[in-house]
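This report concerns only the one structure given below.
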Amino acid sequence: MSYLTEFEHELQKKLLSSETAEAIVRWTSEKLLESYRNGIKAGRNGETVKRDGKSRRRGFVPKA
């Protein structure tokens, strides 16, 4: 499972739970910061970030 897919599943669980909006916002901020730091660390190690080119946006049609 990709990072974003896993994140979406966790977020959906939190939204359907009885957690407060403040707790969900805090959790989301921590996950984003963790992802950002991992990206910075990967860049420092000289690793190339590879994507398969698929858009995560619903209904997005790539320009020709």
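For beta carbons closer than 7 Å, sequence separation of 6+ or different chains, a first residue in the stretch 19-43 that is farther than 18 Å from H9 by Cβ and a second that is at pLDDT below 95 and not polar (S, T, N, Q), the qualifying pairs are A42/V49. I'd like to check something: does the stretch 21-33 contain any residue that is modelled with pLDDT of 80 or more and exposed (fewer than 10 other Cβ atoms within 10 Å of the Cβ)? Within the stretch 21-33 (the criterion being modelled with pLDDT of 80 or more and exposed (fewer than 10 other Cβ atoms within 10 Å of the Cβ)), the answer is yes, since at least one residue qualifies. Here K50 fulfils each of the conditions (1) at pLDDT 65 or above; (2) open to solvent by less than 70 Å² (accessible area, probe 1.4 Å) apart from (2). Given the condition out of contact with any Asp or Glu (no Cβ under 7 Å at 6 or more places or on another chain), open to solvent by less than 90 Å² (accessible area, probe 1.4 Å) and at pLDDT below 90, answer yes or no: does some residue in the stretch 10-19 qualify? The answer is no; no qualifying residue exists. Selection of the stretch 1-25 for residues being among the charged types (D, E, K, R) and in a helix (DSSP H, G or I) yields E6, E8, E10, K13, K14, E22.
The values are calculated or read from the model by the stated rules, or taken from the named source; none is laboratory data. Remember, it's a predicted structure, so these values are computed and weren't measured experimentally. Neighbour counts are summed over all protein chains in view; Cβ atoms, including those assigned to glycine, are modelled from backbone coordinates with ideal geometry. For the accessible areas, the whole protein counts, side chains as well, though only heavy atoms, and no ligand, DNA or RNA atoms are used. Shrake-Rupley method; radii C 1.70, N 1.55, O 1.52, S 1.80 Å.
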